[in-house]
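Quick notes on the structure that follows.
The values are calculated or read from the model by the stated rules, or taken from the named source; none is laboratory data. Keep in mind that what you see is a predicted model, and the values were worked out from it rather than measured. Quick reminder, even Gly has a Cβ in these numbers, built from the backbone with ideal geometry, and neighbours come from all protein chains shown. Surface areas here come from the heavy atoms of the whole protein model, side chains and all, with no ligands, DNA or RNA. Shrake-Rupley method; radii C 1.70, N 1.55, O 1.52, S 1.80 Å.
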Amino acid sequence: MIIVILFLSFLIGIPISFALGIVSLGQIISDGYPLVVVVQRMFTGMDSIALTAIPLFILSGGLMFKGGMSNRLVNFADLLLGHHPSGLAMVSILACMFFAAITGSAIAATAAIGGIMTPIMVEKGYDREFCAPLLATGGSIGPIIPPSIPLLIYGVMANVSVAKLFIGGFIPGIIMGVALIAYSYYIGKKRNYIGRDKKASFSEIIGAGKDAILALMMPIIIIGGIMSGVFSPTESATVATFYALITGMFVYKELKIKDLPQILLDAAKSTGQVLIVIAFASLFTWVITVNNIPQTVGAFLSANVSSKIVLLLIVNIILLIAGTFIDTTSAVVIFTPLFLPLAQMFGINLVHFGLIMAVNLTIGMCTPPLGVCLFVAGSIAKVSLKDQFKDLLPMLCVLLVVLLLITYIPDLVLILPNILVK
């Protein structure tokens, strides 16, 4: 009943954080526990040194966008792929992949790259109904290629190495991007979407690469520092923030002191939204644990599911449905305590399982009815959700094929962490 009431609360429009709090509070009162538990569990949920990376990664993303990094990444991607059929669409996906590697946010990637590329694509004859879902699905790569806020939260909750989760996201994120690029190429040939007039010269590519090198170095510095032991995943967020500040203000000189108050305010708002969900989710996790709900769900599934293959299929279906109306962060904190015992029971590697959850839920960010990235891309392209659906459906099918590959070929996730992280 706890789970049923929670999802009914979502469906009638109660904000997710408050729905978690209301359901948890009602059950605590019903069970007769003292109300001081509410404050204790909410504070405990946020009292983690690893979670300090969240506001810093959000802040670094704002600094990078305002500091001119996104423009340079788009220009470099254009010179690499812009001459192909559907070149601008392919450039958009590649730019989303680059931007994902420096922000880790699907919404930020969709807004930043969509704001630059959508007007250019429309001017060149691309359909708005194609542009919006393309940028939304491209933006969904953001939380997969490291750094990643959902993977960070999962790592904290599941007590799994964040470094391994970050490294494990590279190949799945690249496969998602390459699959969307291939689909864009197919559509470009079919609809005669024209690319650049001529292929960029080697010297032009080198020049754009030099201009974008500081932006491209960001993921290398973050991941290299974590792998070498110079700094922890949490400390990498601090490094990213200072790197973005110095680069945008003193190298590119596009970030001004007057921009900082608004960037800090936006980062504070986003951080507050994430942490309030984590706080209430911590309370909810405690409630379902003391009521033995994960154990009950685990016992039911273990009695009725005989293989790991079937279990992963069930988990995928549940997460895909949940992702259509629950945001990624909330879904991670809700489903991790429910599914973690099952993953352990069936011997599923927890790094692999974390990436399965992340890919599922990021697909949900570009799936109706919630589909936050769809609304962001649609508002930029000035096209409704209904009008996007025809072109969105095959893009979602492409991502679902990638999801199945990642689910049933664990080495796609685990090969890099096993080699690079001890």
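Run the dipole for the stretch 77-229 about the Cα centre, Lys and Arg Cβ at +1, Asp and Glu Cβ at -1, nothing else charged, and hand back the magnitude in debye, nearest 20.
280 debye
Among Ile107, Ile49, Ile194, determine the one that fluctuates most according to a GNM of the chain built with springs between C-alpha atoms less than 10 Å apart.
Most flexible of the set in this elastic network: Ile49.
Which semi-axes, in whole Å and largest first, does the equivalent ellipsoid of the chain have when worked out from the alpha carbon gyration tensor as the square roots of 5 times its eigenvalues? Show your work: numbers first, answer last.
Numbers: eigenvalues 254, 116, 86 Å².
Its equivalent ellipsoid spans semi-axes of 36, 24, 21 Å.
Compute the convex hull volume of the Cα atoms of the stretch 1-139, divide it by the residue count, and report the result per residue in Å³ as a whole number.
Enclosed volume per residue, from the Cα hull, is 139 Å³.
State in Å² the accessible area per residue of the stretch 47-169; use a 1.4 Å probe, count heavy atoms of protein chains only, and round to the nearest integer.
25 Å²
Which lysines have a Cα lying under 18 Å from the Cα of Lys269, excluding residues fewer than 8 positions away in the same chain?
Lys66
Each residue of the stretch 384-389 in order: what ³J(HN,Hα) in whole Hz does its phi give by Karplus 6.51 cos²θ - 1.76 cosθ + 1.60, θ = phi - 60°, with x for Gly and Pro?
7, 4, 4, 6, 7, 4
Counting other C-beta atoms within 10 Å, and keeping those with at most 14, which DSSP coil trypsin sites (Lys or Arg not before Pro) do you find in the stretch 111-175?
Qualifying residues, ordered by number: Lys124.
So which trypsin sites (Lys or Arg not before Pro) in the stretch 195-297 pass both tests, a DSSP loop state and at most 16 other Cβ atoms within 10 Å of the Cβ?
Those that pass, being in a loop and sparsely packed, are Arg196, Lys198, Lys199, Lys253, Lys256.
What are the lysines whose alpha-carbon lies under 28 Å from the alpha-carbon of Lys199, with same-chain residues fewer than 8 places away excluded?
Once the sequence-local lysines are set aside, what remains near Lys199 is Lys124, Lys189, Lys190, Lys210.
Could you tell me how many degrees, from 0 to 90 and to the nearest 10, lie between the Cα long axis of helix 293-304 and the main elongation axis, the longest principal axis, of the Cα atoms of the chain?
That helix lies at roughly 80 degrees to the long axis.
Between Lys390 and Met227, what's the calculated FRET efficiency when r is the beta-carbon distance and R0 is 51 Å? Round to 0.05.
Taking R0 as 51 Å, the efficiency between Lys390 and Met227 is 0.75.
Filter the chymotrypsin sites (Phe, Trp or Tyr not before Pro) in the stretch 148-251 to those in DSSP coil with at most 16 other Cβ atoms within 10 Å of their Cβ, and list the result.
Those that pass, being in a loop and sparsely packed, are Phe231.
Name the most mobile residue of Val277, Val122, Val36, meaning the one with the largest mean-square fluctuation, in a Gaussian network model of the chain with Cα contacts below 10 Å.
For the chain, modelled as a Gaussian network with Cα springs under 10 Å, the answer is Val36.
Could you tell me whether the stretch 340-422 comes out rounded, prolate or oblate from its Cα gyration tensor? Rule is a ≥ b ≥ c as square roots of the eigenvalues, rounded for a/c under 1.5, then prolate if a/b exceeds b/c, otherwise oblate. Walk me through the intermediate numbers first.
Details: a/c = 2.71, a/b = 2.49, b/c = 1.09.
Prolate, since a/c reaches 1.5 and a/b exceeds b/c.
So if I take the centroid of the Cα atoms in the stretch 359-422 and the same for the stretch 208-222, what is the distance between those two points in Å?
25 Å
So what does log10 I(q)/I(0) come out to for the stretch 290-397 at q = 0.19 Å⁻¹, using the Debye formula with one equal point on every Cα and no solvent?
Reported log10 I(q)/I(0), two decimals: -0.94.
Based on the alpha carbon coordinates of the stretch 47-125, what radius of gyration and maximum Cα-Cα distance (Dmax) apply, in Å?
14.2, 51
With a/c under 1.5 counting as rounded, go ahead and sort the stretch 146-243 into rounded, prolate or oblate using the C-alpha gyration tensor (a ≥ b ≥ c being the square roots of the eigenvalues; past the cut-off, prolate if a/b is larger than b/c, else oblate).
Oblate, since a/c reaches 1.5 and b/c is not below a/b.
Can you give me the angle between helix 308-323 and the longest principal axis of the chain, using Cα atoms only, in degrees from 0 to 90, rounded to the nearest 10?
Once rounded, the angle reads 70 degrees.
How far is helix 411-420 tilted off the main Cα axis of the chain, in degrees rounded to 10, range 0 to 90?
So the helix axis and the longest Cα principal axis differ by about 90 degrees.
Report, in whole Å, the centroid distance computed from the Cα atoms of the stretch 296-316 and the stretch 85-140.
Answer, in whole Å: 37.
Say we join alpha carbon atoms closer than 10 Å with springs in a Gaussian network model of the chain; which of Gly62, Gly354, Gly13 then has the biggest fluctuation?
Gly13
Which shape class, rounded, prolate or oblate, goes with the stretch 231-347 when its Cα gyration tensor gives a ≥ b ≥ c as root eigenvalues, a/c under 1.5 marks rounded, and past that a/b bigger than b/c marks prolate?
prolate
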